[in-house]
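Colleague: The following block contains the structure, expressed as structure tokens.
The values are calculated or read from the model by the stated rules, or taken from the named source; none is laboratory data. Note that the structure is predicted; figures quoted are calculated from it, not measured. Backbone-built Cβ (ideal geometry, glycine too); neighbour counts: all protein chains shown. Note: accessible area is taken over every heavy atom of the protein model, side chains too, but ligands, DNA and RNA are not part of it. Shrake-Rupley method; radii C 1.70, N 1.55, O 1.52, S 1.80 Å.
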Amino acid sequence: MAIQVEKDGRLFNLQTADSTYQMYADEYGVLLHTYYGKKIDGENLEELIFRADVGFSGNPPESVADRTYSLDCLPQELPSDGVGDYRESCISLLHDDGSMAADFRFEGYELIPCSYKVEGMPSLYDNEEERGETLIITMKESASQVVVRLFYSVFEKENVITRAIRVENQGESEVVLMKCLSCCLDYQFGEYDLITFVGRHTVERSPERNRVRRTKLEIGSMRGTSSHQYNPSMIVCTPDATEDFGDCYGLCLVYSSNFTACAQKDQRGQTRVLMGINPNKFSFRLRKGEFFDAPQVILSYSDAGLTKLSHQYHKILRGHMCRGKYQHAKRPVLLNNWEATYFDFNKEKLISLGEQAAELGIEMLVLDDGWFGKRDDDNSGLGDWFANEKKLGSSLEELGNRIHDLGMKFGLWFEPEMISEDSDLYRAHPDWALRIPGREPNRARNQLVLDMSRDDVREYLFERISDILGHAPIDYVKWDVNRSLSDIYSHKYAGNQNGEVYHRFILGVYDLLERLLEKFPDILLEGCSGGGGRFDAAMLYYSPQIWCSDNTDAVNRLDIQYGTSFFYPISSVGAHVSAVPNHQTGRTTPFRTRGHVALSGSFGYELDLNKISEDEKEMVKEQIAEFHRYYSLTHEGTYYRLTPPGERFCAWEFVDEEKNHALQTLVMTSAEGNPLPVHTIVKGLSPDKYYCCSVNGQVHSGRTWMGAGLTLRMVPKEYESVLIEWNVVEER
Ligand code: DGJ
């Protein structure tokens, strides 16, 4: 059993293959967090908690006689609010009488032999290989009828524990939930670093590492999406942690809207880490019998550094979050017309792109922005999801059939959550847009945002998108979001429920996605938000691949894909070969290198194939052959980061499950005169097997390769790249 319960149902040990998470409900019903780390036996570790009379840390009513007992000092699972724990809390309540206290005590527990599902939101699911086990702990508020259920699912083999929270109002009077974070981790001892993934549009997910001290470290989003700026994932690790060494704790929020995540030491040097929905502009009314579900946090612990932690996240997200046909089915190599034509296309242009693509072995043509309504630039048309047959010169059905006749699949771009003021939809339903009455809204890309919390809005979108997907032969949908939310006001939740709109918005998005996928289960969905502005675990539930960044520059992509790899599987990373000079950076890189970088992702092209040279066309064919040759490695293999950003070369590696085949990609990021040799390390081989290396034909044992590495005979020139294979051989 992965979940062990002892001490009259008050001691809980959650055991995974390599980790233990322990909680204990003490004599006052406070749920103590006593341990999370390397696997141990399940003895009660309450004695590790140091108690002292701490000045200005008061005592709860039950322990007035014992001044060493203070909520302000104890490591807890569900820290209270307003009653003596002065650190950050998980939950804040506004009661009917205007008071704002929340103090939860243990009531009981329940075990379920499968994982839990969070209502209306994505969460990890059980598969044939592993079924989670769930512990539900009930906590009751000490002076009201608010009940909290803490959900923990253990995926033992995967070294993963998930957490989620349900808050339920069982009382007569209304309660307003002012804050509801999903997870608190208290560390009594030790020094920690916090690694967050920060950036901006076209520069997403750079790791930033800071020491946790008393000054709070906090990231979050108020953009209504998870955002380019901060990813809803972070790593707490010992300061000595490297790729291969040290204690690392991952926290990954399964949510695509406003979030907060923070770490801070308290006055006594204990570390508190929290994650959940951003409490800013959040409030949720709970009438009698109503409940609120907060999103899931996926926790994972590695006793052997960051690489192992990433492997655990890649595996759990690939196997228990991604769904549908394309979770395992081979993804088609695509050509997207965006950087090839932008808004300037018609049927002839698209078919000529398709013909060229088919000849070179590309398997799908994706028609991006501009095929609907009045849309020749980004100022109008959003919401009018009717094909512009005049611009196209044909119906979508005819166009799709022509592409299918070429032996290719056909994909289409949508941006369902948005509306242009210059659109028929806006003229008919101005109240469907989020905007505050009497206030001019902030516009971004000259567009407004639809109120996705409204059933009628979602119904319209469902009907329109279904109609298009039902009539034209469409195999793939790119689902884009090109602005952050602002001016939040819903006519439906007018008055005192506008604090619910950000959350209800994302629930509406999930609902629409779910309904569409139910109706069109074979469609491959690619998530997108101006590139990687909504690259999060929740979106992987709907789209097994997400356009990683609008930045297609191969050298910039090295860093973006590096940062993305800490949590997200490589198979989820949309990566394309584009034209040079690159449209975002102006940099020119070799065609081969652009291919090698994009091969480490869900692969495609995004350029005008009619404008590339004959040599480059030959390279496209080679790259597609490489895509097929390495597909199982890049999509299901084990991934190793070999170099941090900023080195003179960047290298990474994939190894297959049997450890018979490894592939390393190395890109020279800067050149020098009289160059020093390029010596690269090798990881993940089996020490006792023998491998032949493709670049020098040498055969060594895995032990030797991993110990001694490889020196390249020739130093690649700036921006050149090499693919290096290690294939197992019978003997030396
Ligand atoms: C932003 C996306 O990231 C691009 O790939 C493209 O689809 C544009 N939007 C279209 O407006």
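Colleague: How many Å² of accessible area per residue for the stretch 547-596, probe 1.4 Å? Before the final figure, lay out each step's value.
Modeller: Numbers: 1120 Å² over 50 residues.
Roughly 22 Å² per residue, with all protein chains present.
Colleague: Give, in whole angstrom and from largest to smallest, the semi-axes √(5λ) of the equivalent ellipsoid of the stretch 285-425, with λ running over the eigenvalues of the Cα gyration tensor.
Modeller: 37, 26, 13
Colleague: A follow-up question, please. Probe 1.4 Å, all protein chains in place: accessible area of SER310 in Å², nearest 10?
Modeller: Rounded to the nearest 10, that gives 0 Å².
Colleague: Would any residue of the stretch 127-157 have its amide N under 15 Å from a label point 7 Å out along Cα→Cβ of ASP96? List them or say none.
Modeller: Under cut-off, by backbone N: 143-147.
Colleague: Need the C-alpha centroid separation for the stretch 180-231 versus the stretch 569-632, integer Å.
Modeller: Here the answer is 32 Å between Cα centres.
Colleague: Output needed: percent of Cα pairs per 5 Å distance bin for the stretch 634-732, bins running from 0 to the one holding the longest distance.
Modeller: In whole percents, the pair-distance histogram is 3, 14, 25, 25, 17, 11, 5, 2, 0.
Colleague: From the backbone phi of the stretch 320-331, what are the Karplus-calculated ³J(HN,Hα) couplings (6.51 cos²θ - 1.76 cosθ + 1.60, θ = phi - 60°) in whole Hz, Gly and Pro given as x?
Modeller: 10, 10, 5, 9, x, 3, 8, 4, 10, 5, 5, 7
Colleague: Could you tally the net charge around PRO416, taking each other residue with its Cβ under 10 Å from the Cβ of PRO416, Lys/Arg +1 and Asp/Glu -1?
Modeller: Working: positive: ARG458, ARG464; negative: GLU415, GLU417, ASP480.
Every neighbour counted, the sum reads -1.
Colleague: Related question: On a full-extension model of 0.36 nm per residue, what is the gain between GLU110 and GLU514, subtracting their alpha-carbon distance, rounded to one decimal in nm? Before the final figure, lay out the partial values.
Modeller: On the way: separation 404, 0.36 × 404 = 145.44 nm, distance 2.93 nm.
Gain on stretching GLU110 to GLU514: 142.5 nm.
Colleague: Below 13 angstrom from the Cβ of LYS38, what's the summed charge of the other residues (Lys, Arg +1; Asp, Glu -1)?
Modeller: With Lys, Arg at +1 and Asp, Glu at -1, the neighbours total -2.
Colleague: Say R0 is 45 Å: what FRET efficiency, to the nearest 0.05, do LYS621 and ARG131 get from their beta-carbon distance?
Modeller: 0.55
Colleague: Related question: Out of residues 5 or more away from VAL477 or on other chains, whose amide H comes under 5 Å of its own, with H placed 1.01 Å from N in the peptide plane?
Modeller: Hits under the 5 Å cutoff: LEU412, LEU524, LEU525, GLU526.
Colleague: When the Karplus curve 6.51 cos²θ - 1.76 cosθ + 1.60 is applied with θ = phi - 60°, which whole-Hz ³J(HN,Hα) does each residue of the stretch 390-400 get, with x for Gly and Pro?
Modeller: Karplus-based 3J(HN,Hα) across the stretch 390-400 equals 5, 5, 5, x, 6, 7, 5, 4, 5, 4, x Hz.
Colleague: What net charge is computed for the residues neighbouring ILE362, neighbours being all others with C-beta under 12 Å from the C-beta of ILE362, Lys and Arg scored +1, Asp and Glu -1?
Modeller: Counting the neighbours of ILE362, the net charge comes to -1.
Colleague: Ordering ARG285, ARG515, ARG163 from largest to smallest accessible area (1.4 angstrom probe), what's the sequence?
Modeller: Order by accessible area, largest first: ARG515, ARG285, ARG163.
Colleague: Using a 1.4 angstrom probe on heavy atoms only, work out the carbon and sulfur share of the accessible area of the stretch 3-320 in %.
Modeller: Answer for the stretch 3-320: carbon and sulfur cover 49 percent of the accessible area.
Colleague: Also, quick follow-up: Starting from the Cα-Cα distance between ASP522 and GLU27, subtract it from 0.36 nm times their residue separation and give me the gain in nm to one decimal.
Modeller: Difference between extended and current length: 172.8 nm.
Colleague: When the Cα centres of the stretch 239-318 and the stretch 40-73 are compared, how far apart do they sit, in Å?
Modeller: Comparing the Cα centres of the stretch 239-318 and the stretch 40-73, I get a distance of 25 Å.
Colleague: Moving on. Taking 56 Å as R0, compute the FRET efficiency from the Cβ-Cβ separation of GLU657 and ARG427 and round it to 0.05.
Modeller: 0.50
Colleague: Hey, any idea what % of the stretch 321-533's accessible area is carbon plus sulfur with a 1.4 Å probe?
Modeller: Accessible surface attributable to carbon and sulfur in the stretch 321-533 totals 46 percent.
Colleague: Rounding to the nearest 20 debye, state how big the charge dipole of the stretch 3-320 is about its Cα centre with +1 on each Lys and Arg Cβ and -1 on each Asp and Glu Cβ.
Modeller: 1160 debye
Colleague: Now, a different point. For ILE40, ILE612, give the ranking by accessible area with the largest first, probe 1.4 Å.
Modeller: The ranking, largest first, comes out as ILE40, ILE612.
Colleague: Let me ask something additional. How large is the direction-averaged shadow of the alpha-carbon convex hull of the stretch 321-533, in nm²?
Modeller: The number I arrive at for the stretch 321-533 is 11.8 nm².
Colleague: For a paramagnetic label modelled at 7 Å from the Cα of THR588 toward its Cβ, which residues of the stretch 616-636 fall within the zone defined by backbone nitrogen distances under 15 Å?
Modeller: 616
Colleague: Output the 0 to 90 degree angle, nearest 10, between the alpha-carbon long axis of helix 614-636 and the longest principal axis computed from the alpha carbons of the chain.
Modeller: With rounding to tens, the tilt is 30 degrees.
Colleague: On a full-extension model of 0.36 nm per residue, what is the gain between ASP487 and THR215, subtracting their alpha-carbon distance, rounded to one decimal in nm?
Modeller: 94.8 nm
Colleague: Ok, one more. Within 10 Å, count the other beta carbons around each residue, average over each peptide in 558-569, 50-61, 532-543, and list them highest first.
Modeller: Top of the packing list down: 532-543, 558-569, 50-61.
Colleague: So, one more: When N counts the residues of the stretch 70-167, how does its alpha-carbon radius of gyration compare numerically with 2.2 N^0.38 Å, as a ratio?
Modeller: Taking N as the residue count of the stretch 70-167, the ratio is 1.24.
Colleague: Right, next: Give me the 1.4 Å probe accessible area per residue for the stretch 393-530, excluding ligands and nucleic acids, in Å². Write down the numbers at each step before the final one.
Modeller: Values: 4910 Å² over 138 residues.
That works out to 36 Å² per residue.
Colleague: May I pose another question? Over the stretch 3-320, with the other protein chains present, what is the accessible area per residue in square angstrom, probe 1.4 angstrom? All intermediate terms of the calculation are to be shown ahead of the outcome.
Modeller: Numbers: 11480 Å² over 318 residues.
Averaged over the residues of the stretch 3-320, the accessible area is 36 Å².
Colleague: Roughly how much of ASP522 is accessible, in Å² to the nearest 10, using a 1.4 Å probe?
Modeller: 90 Å²
Colleague: Rounded to the nearest 10 Å², what accessible area does HIS328 show when all protein chains are kept and the probe is 1.4 Å?
Modeller: Using a 1.4 Å probe on the heavy atoms, I get roughly 130 Å².
Colleague: Let me ask another. In nm, to one decimal, how far is the LYS39 label point from the LYS611 one, both placed 7 Å along Cα→Cβ?
Modeller: The answer from the label model is 5.6 nm.
Colleague: Using modelled backbone amide H atoms (1.01 Å from N, in-plane), which distant-in-sequence or interchain residues come within less than 5 Å of TYR35's amide H?
Modeller: GLN22
Colleague: Sticking with this structure for a sec: Rounded to the nearest 5, what % of the DSSP beta bridges within the stretch 321-533 are antiparallel ones?
Modeller: Numbers: 5 of 21 bridges.
DSSP beta bridges in the stretch 321-533 are roughly 25 percent antiparallel.
Colleague: Another question about this same structure. Hey, can you rank 78-90, 597-609 by average C-beta count inside 10 Å, highest first?
Modeller: On the way: 78-90: 20.4, 597-609: 24.7.
For the peptides 78-90, 597-609, the packing ranking is 597-609, 78-90.
Colleague: Could you sort HIS429, HIS95 by their accessible area in this structure, using a 1.4 Å probe and putting the largest first?
Modeller: Numbers: HIS429 65, HIS95 25 Å².
In descending accessible area the options line up as HIS429, HIS95.
Colleague: Skipping prolines and chain starts, which residues have an amide H placed within reach, meaning under 5 Å, of the one on LYS179, given they are 5 or more residues away or on another chain?
Modeller: Residues meeting the amide H criterion: SER92.
Colleague: Work out from phi, with θ = phi - 60° and the Karplus expression 6.51 cos²θ - 1.76 cosθ + 1.60, the ³J(HN,Hα) of each residue of the stretch 429-435, listed in order in whole Hz, and give x for Gly and Pro.
Modeller: Couplings: 9, x, 6, 7, 8, 6, 6 Hz.
Colleague: Still on this structure, please answer the following. Any idea what diffusion coefficient the stretch 515-663 gets from Stokes-Einstein, in µm²/s, Kirkwood Rh on alpha carbon pairs, 4 °C, 1.567 mPa s? Don't skip to the end; give the middle numbers.
Modeller: Values: Rh = 16.2 Å.
Roughly 80 µm²/s, to the nearest whole number.
Colleague: Please compare each pair in LYS330/LYS617; LYS117/LYS308; LYS7/LYS179; LYS140/LYS265; LYS390/LYS611 to a cut-off of 29 Å on the Cα-Cα distance and tell me which ones are over it.
Modeller: Details: LYS330/LYS617 23 Å; LYS117/LYS308 26 Å; LYS7/LYS179 32 Å; LYS140/LYS265 27 Å; LYS390/LYS611 26 Å.
Over 29 Å apart, Cα to Cα: LYS7/LYS179.
Colleague: Taking the Cα atoms of the chain, what is the range of coordinates along each of the three principal axes, in descending order and whole Å?
Modeller: Dimensions of the chain along the principal axes of its Cα atoms: 86, 73, 46 Å.
Colleague: Given the options SER92, ILE40, THR341, identify the residue whose Cα lies farthest towards the positive end of the charge dipole of the chain (+1 on Cβ of Lys, Arg; -1 on Cβ of Asp, Glu).
Modeller: It is THR341, whose Cα lies furthest towards the positive end.
Colleague: Taking the Cα centre as origin and putting +1 on Lys and Arg beta-carbons and -1 on Asp and Glu beta-carbons, what dipole magnitude results for the chain, to the nearest 20 debye? Intermediate values should be presented prior to the final figure.
Modeller: Numbers: 78 positive and 111 negative charges, 216 e Å.
Its charge dipole is roughly 1040 debye.
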